[in-house]
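Okay, so here's the structure we're looking at.
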Amino acid sequence: MSNIKSTTKAIKRYNLDQPTQMVVMSKILKKYIVDNNLYAPIAGRNYVMVEGWQFAGGLLGFFPRVVSIENIGKESEVKWMAKVEIINTRDGSIASTGFALCSKAEMKKKSFDEYAILSMAQTRAIGKAFRNLIGWVMKLSGYEPTPAEEMKPGVVTASTVPPAPNQGSLIQTRKVDELKAMVKGTTDAQKLVEINKRTGLNLGSLNITERHAGIVIASLLNKEVKK
């Protein structure tokens, strides 16, 4: 009986709330997507297929779980809806949820069998659930933050910018202070101009949440790495 030594290495897990880790992970993610051809060029922009989103989620300790499928079609139309949850493997909590439809009435799906329509509804829901959680990470890797399966050939979506938070939930945090320290300027207005110059992000104010501050910090760090 031969002795077989295991050479399997544990996969490093990254933390979504650590911007510097996200910069490192974005490069690993991009290499994996390119090496495995997991993106679709549409109207001059690159959209990642669901396998790429699953890989990104795996690096962060997230996996998709199909919660339900529902036949919402009529006699004249085959149509399915799927619901997917993204589970955090660290504690079993639900990190995100996505819903998606697929119908045989769609231009590219007219020749699909019903099982393929059902499968695509689940695939789209997986991509949507991941997109709701880590769309900005995919953007950091240089891809559009919309799964390829949601796109129609020739359709372009606008690049997303972190949304302005509700004024009632603004929180000054350590990351906001860290962000302010990273950019030049003595006033918030001067710092906002510097952030726009270096990242292209148009922030209306520096009264932002911790997560939004983390996204901006990641963008700044990514620009520094590319120099």
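Computed from the coordinates by the stated procedures, all read-outs in this text should not be read as laboratory data. Bear in mind the structure is a predicted one, so any value in this text is a computation, not a measurement. All Cβ positions, even for glycine, are placed from backbone atoms using ideal geometry, and neighbour counts span all protein chains on display.
A few points about this structure:
- Electrostatic bookkeeping for P64 treats Lys and Arg as +1 and Asp and Glu as -1; over the other residues with beta carbon under 12 Å from its beta carbon, the sum is +3.
- Gain upon complete extension [A181, K110; 0.36 nm per residue less C-alpha separation]: 20.0 nm
- With only the Cα atoms considered, the range 115-154 has a convex hull volume of 62 Å³ per residue.
- Cα centre as origin, Lys/Arg/Asp/Glu Cβ charges: the range 19-150 dipole, Debye: 340
- Annotation: aspartates and glutamates with alpha-carbon distance below 13 angstrom to K110 (same-chain offsets under eight excluded): E77.
- Taking other C-beta atoms within 10 angstrom as a stand-in for reagent exposure, I33, I72 fall in the order I72, I33, fewest first.
- Each distinct pair of alpha carbons in the range 23-92 adds a 1/r term; the inverse of their mean, the Kirkwood radius, is 14.5 Å.
- 24 Å Cα-Cα threshold exceeded, pairs from K175/K197; K31/K191; K27/K184; K83/K109; K83/K104: K31/K191; K27/K184
- Full extension of the chain between E150 and E75 gives 24.5 nm of extra length, using 0.36 nm per residue less the Cα-Cα distance.
- Cleavage-rule hits (GluC sites (Glu not before Pro)) in the range 60-145: DSSP loop, at most 11 neighbouring Cβ within 10 angstrom: E75
- Among the trypsin sites (Lys or Arg not before Pro) within the range 41-138, those in coil by DSSP and having at most 16 neighbouring Cβ atoms inside 10 Å are R90, K110.
- With the simple model of a label 7 Å out from the Cα in the direction of the Cβ, T89 to A43 spans 3.6 nm.
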